[in-house]
Ligand code: NAD
């Protein structure tokens, strides 16, 4: 049966790339486990005076190339294996775009939508109190991920600075600008993905005009991507969030959709009074629409062996981490669908996080245009390097990206003697 265990799937991806480069077994064994995995219990006093204990994790996967780096996820489906998988992908992601960073990831099993602002703040502060000895600008640097925000980064940084007794803005990235965030970090994941999409479209000889797109997920990654696509002439015909989605043949007005969402309305309410085909769709329907480009920007295991044969898009850009299972990957490859893998497509976020760390270390801040031009250069060059390896070996873009990354990570491990 097909695995939906993210860590099993991440290891399967690693194994494929290891075979291409004939990786030494000892290196593989070292890379098949996190260097350190931390599990903590976080007691939080709730607004009604009761105490709830939350489970939190931090996976420090590999630091051969630099400090561990990776976001913190707040979601009810967080598990040890999911955090491990995300930290392995972070290791590969930082390497594929050439950052001097390792890979890590954190998470708390929680539905943040059920918590008040005060409870969320106490949970965030509790997380760093439990883990602060293992984190730091030169050790392990967290960032936002699903359902974590710049405000949550600010609480975590503030608590950390109280604990260590000095300013340390490089402890965490994705912070608000007021306390050392980087210009452009908020839109960086989508912007990086957009630069890669642009490059992929050119390499595939495709024209932007008339290109239709479906985007799954309408959070940081998805909604900023929708804005960029619309601004550059793509036609976004379908968007979804956790409650379902909407399809509009004429193209969706993302600002209007955002307003509905901000007012607590479901996305499907968008269709009222719209001319042309407009209807509510499920997340599953969105994936199978007859569009040119599909952008998964929500969670793992969305494209599986079950629905992969029905995917019609010729290009899949993975802004989400792990949205495609290894079995689905094979099916899409056989069908000629190009899948630009997560570790390349969504690496813009960590790239600008790295810029944020550099600016924090120098205590000198760059204008947004400088951030974006540096980001573009890295994303375009990384995309070309991956594309070349894919053509040389006739492998998927995912395996090619892992090959590029694995060569870099194992070179650092080898010279260190591990
Ligand atoms: P977010 O919390 O801002 O948004 C998540 C979105 O996914 C929301 O719109 C939510 O409604 C939707 N969603 C949740 N469950 C869903 C479901 N079952 N079906 C469809 N939609 C669902 O999170 P984000 O930061 O945009 O992260 C989205 C993905 O992008 C994740 O896989 C994350 O790891 C990845 N990513 C994010 C960043 C970043 O910088 N934020 C960087 C790299 C990768």
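Read the figures in this text as sums done on the coordinates, not as results from a lab. Predicted model, so just to flag it, every value in this text is computed and none were measured. With ideal geometry, Cβ positions are generated from the backbone for all residues, glycine too; neighbour counts draw on all protein chains shown.
Observations, loosely collected:
- FRET efficiency estimate (nearest 0.05) - Cβ-Cβ, residue 177 to residue 33, R0 25 angstrom: 0.10
- Solution diffusion estimate, µm²/s, Stokes-Einstein, region 188-345, Kirkwood Rh from C-alpha pairs, 4 °C, viscosity 1.567 mPa s: 84 µm²/s
- Put the Cα centre of region 341-360 next to the Cα centre of region 367-410 and the gap is 13 Å.
- Average silhouette area of region 35-170, convex hull of alpha-carbon atoms, in square nanometres: 7.7 nm²
- Cα centroid separation, region 247-315 to region 11-64 (Å): 32 Å
- Label point at residue 330 placed 7 Å out along Cα→Cβ; residues across region 385-418 whose backbone nitrogen lies under 15 Å: 396, 399
- Relative contact order of region 260-340: 25 percent, from C-alpha pairs under 8 Å at least 6 residues apart in sequence.
- Within the listed set 278, 94, 383, the Gaussian network model of the chain (springs between alpha-carbon atoms below 10 Å) gives the highest mean-square fluctuation for 278.
- For region 240-381, the antiparallel share of DSSP beta bridges with both residues in that region comes to about 50%.
- Alpha carbon convex hull of region 95-197, volume per residue in cubic angstrom: 123 Å³
- Once both labels are positioned 7 Å from their Cα atoms along Cα-to-Cβ, the gap between residue 249 and residue 45 label points is 6.0 nm.
- Reciprocal of mean inverse Cα separation for region 1-91 (Kirkwood radius, Å): 14.9 Å
- Mean separation of Cα pairs under 8 Å and 6 or more residues apart, divided by the residue count, gives the chain a relative contact order of 17 percent.
- Highest-first packing order for the peptide set 251-260, 148-157, 224-233 is 148-157, 224-233, 251-260, based on the mean count of other beta carbon atoms within 10 Å.
- Gain upon complete extension [residue 206, residue 138; 0.36 nm per residue less C-alpha separation]: 20.2 nm
- Once C-alpha pairs closer than 8 Å and six or more residues apart are averaged by separation and normalised to the residue number of region 188-345, the relative contact order reads 22 percent.
- Shape of region 177-253, Cα gyration tensor, a/c cut at 1.5: oblate
- Max mean-square fluctuation residue, GNM over the chain, Cα-Cα springs under 10 Å, options 397, 131, 197: 131
- Average projected area [Cα convex hull, the chain], square nanometres: 20.2 nm²
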